[in-house]
Amino acid sequence: MPPSSIPPGVLHLLQTVPNLLFPLVFVYGLQRSSTLILPTYAWALTYVSAIPVIFLTKHILEYIKEESEIRRLGARRVPIIPRRWPGGIDVMIRAIESNTTGKFDDLWKEETERLGSYIVDVHLLGDAFLFTAEPDHIKAMLATEFDNFEKGTYFQWYMHSVLGTGVFNSDGNMWKFHRGITRPYFARERISDFETFNHHADLAIKKMKERFAEGEALDFQDVAARFTLDSATEFLFGSCVESLSSALPYSWNSSRHQAKAKPHSSDKFAVAFGHAQDQVAHRSRLASMWPLFEFWKDKTKDDMKIIHDYIEPIIKGALVKKASKNDMDSLEKNNELATTLLDHLVQQTDDVGVIRDETFNILIAGRDTTMSTLTFAIYLLSENPNVLAKLREEILTIVGEVRPPTIEDVKQCKYLRAVINETLRLFPPVPFNLRHSIRSTTWRARDGGKPHYIPADVDVGYSVFMMHRRTDLWGPDALQFDPDRFLDERVHKYLTPNPMIFLPFNAGKFL
Ligand code: HEM
């Protein structure tokens, strides 16, 4: 999907209009060449009905083909969410509304309960859109039928203006290429090097202490966002955005709230970073109609300019640095010295666009997930003081009060790991995700009846958020925050026999 300076709505029209015109051209050809003499009103009717008739015929032929395949495979269709309006527009509106109320899983929960199936067909604008929270189905997409499921052109279409062709937004050989160039960097020594994180954590804690000394509350999510942005930019680019240098906001009910904080240069980057991600999330909910809502202007464009203006000079600087090191023995030697992901990438390619997309994809992948986990962990700990006390005791016993933790300490902190796992279970940072089927297949049904038929060329959404909260998979207390479920007999009862019920990292750890 090449980048385009044409606004998304206009581009979409240019791409779809030829398809829409085809039936009209066909009727025109018929009229000109036909010996058939029809009155003008009959030709007018033929023109008006040409598009819907072709559309319906296409769908009927597809339906017949699928029905014969379903019979051959001894399968059945996935149940469709009932709709009131044509094209399921009402379902789409409910999806958008359930997001604005902050409870984005409401719609899915209601419908899966109503239909008695954890796989449903949302069926938008005449096309199947499947949605599942079944571990077997998710396992099929991520592992056993990995080659039959890709991110797909729809996902890449609405993500492209932000993610470009980076690892998150590519399939097949392009995906292999991106993984290939980054993977060697994430060696064990690098990801267990806590120095960068210790430095920024100290700064964040200092800022928080200052705020508490003023007798004021603070927004921990904001602190986590700054901490992760600063540490991730330093880790990836070797150049920190320094968002922690900017004043923390006061809570809305503080008398200091109105006091105008001096803007910091990092604010622009942080705000643009957030906006661009919100916008692509919004596109995903508008399905194929999203370009119509950005008819004249790509709404991520201004934010991405701010982001690219920040990243590109750093990349160019790294390329210059590489050129000046040309007298060094070999590429491998340079590579050994690479301290940041950027240093590593400039050894692989000189293409600024590739490096920019790659680093930015990993910035999004690593930063938001970590921020979300930290924020929800603090939220859950503040609601569960007994868990907090137990965790504190473990950390004080193993690490003590003075020195920063090491990787060996972290390995010993079993309860800490359980707290993080339980946080990731209830609030997985990637709660919903999407794949696209290449060929048709069948998936086991929960009721033991005929398997579900999964057509070729269809989008399949899946939610680990919903799966992690299912009482039939996790036991009656599935909605409670209880880290001990990762340590006591419940592990053997639920998780060990069915490890795919816990997938915060999809089918593996990152990278
Ligand atoms: C709590 C922390 C994290 C969670 C829950 C998490 C979760 C995930 C998930 C669910 C995916 C799969 C997305 C998909 O295939 O559609 C993913 C992919 C990825 N993550 Fe993470 N992640 C975390 C931290 C990180 C960090 C710290 C980094 C790097 C610094 C990172 C780098 C990546 C990359 C590069 C991918 C793409 C891999 C690929 O497509 O092959 N993640 N992560």
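What the table below lists for this structure:
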read-out: DSSP beta bridges in the chain [antiparallel fraction, %, rounded to 5]; value: 70
read-out: Extreme residue, positive dipole direction of the chain, given options 168, 501, 53 (C-beta unit charges); value: 53
read-out: Neighbour-count order for 141, 208, 466, fewest beta carbons within 10 angstrom listed first; value: 208, 466, 141
read-out: Isotropically averaged projected area of region 365-436, using the convex hull of Cα atoms (one quarter of hull area), nm²; value: 6.0
read-out: Extension gain (nm, one decimal) between residue 85 and residue 66, 0.36 nm per residue minus Cα-Cα; value: 4.4 nm
read-out: Sequence-separation-based contact order of region 103-227, relative, with Cα cut under 8 Å and 6+ spacing, percent; value: 9
read-out: Gain upon complete extension [residue 439, residue 28; 0.36 nm per residue less C-alpha separation]; value: 144.3 nm
read-out: Kirkwood-Stokes translational diffusion coefficient of region 357-511, alpha-carbon pairs, 37 °C, 0.692 mPa s, µm²/s; value: 183
read-out: Value of [θ]222 nm, deg cm²/dmol, for the chain, DSSP H segments ≥ 4, -39500 (n - 2.57) each, nearest 500; value: -18000 deg cm²/dmol
read-out: Difference of contour (0.36 nm per residue) and Cα-Cα distance, residue 312 to residue 19; value: 101.6 nm
read-out: Equivalent ellipsoid semi-axes - Cα gyration tensor, the chain, angstrom; value: 45, 31, 24
read-out: Inter-site label distance for residue 195 and residue 212 at 7 Å from Cα along Cβ, in nm; value: 2.9
read-out: Distance (nanometres) between label positions extended 7 Å along Cα→Cβ at residue 471 and residue 393; value: 3.1
read-out: Cα→Cβ-extended label distance, 7 Å offset, between residue 268 and residue 144, nm; value: 5.3
read-out: Part-to-part distance (alpha-carbon centres) for region 157-201 and region 85-126, which is given in Å; value: 33
read-out: Principal-axis tilt of helix 414-426 within the chain, Cα atoms, nearest 10 degrees; value: 30
read-out: For region 198-257, convex hull of alpha carbons as volume per residue, Å³; value: 68
read-out: Alpha-carbon spread of region 66-137, three principal axes, descending order, Å; value: 44, 30, 16
read-out: Options 16, 44, 92, ranked by Cα towards positive dipole end of region 1-123, top entry (Cβ charges); value: 44
read-out: Rel. contact order, % - alpha carbon contacts under 8 angstrom, at least six apart, region 444-511; value: 24
read-out: Neighbour-limited loop hits for chymotrypsin sites (Phe, Trp or Tyr not before Pro), region 1-103 (at most 12 other Cβ within 10 Å; DSSP other than H, G, I, E, B); value: none
read-out: Hydrodynamic radius by Kirkwood, which averages 1/r over all alpha carbon pairs of region 138-219, in angstrom; value: 16.8
read-out: Burial ordering of 228, 57, fewest other beta-carbon atoms within 10 Å first; value: 57, 228
read-out: Relative frequency of Cα-Cα separations exceeding 20 Å in region 88-210, percent; value: 68
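Here, each number is a calculation from the coordinates, and none is a lab measurement. Since this is a predicted model, take the numbers as computed values, not measurements. Cβ sites come from the backbone with ideal geometry, for glycine too, and all protein chains shown count toward neighbours.
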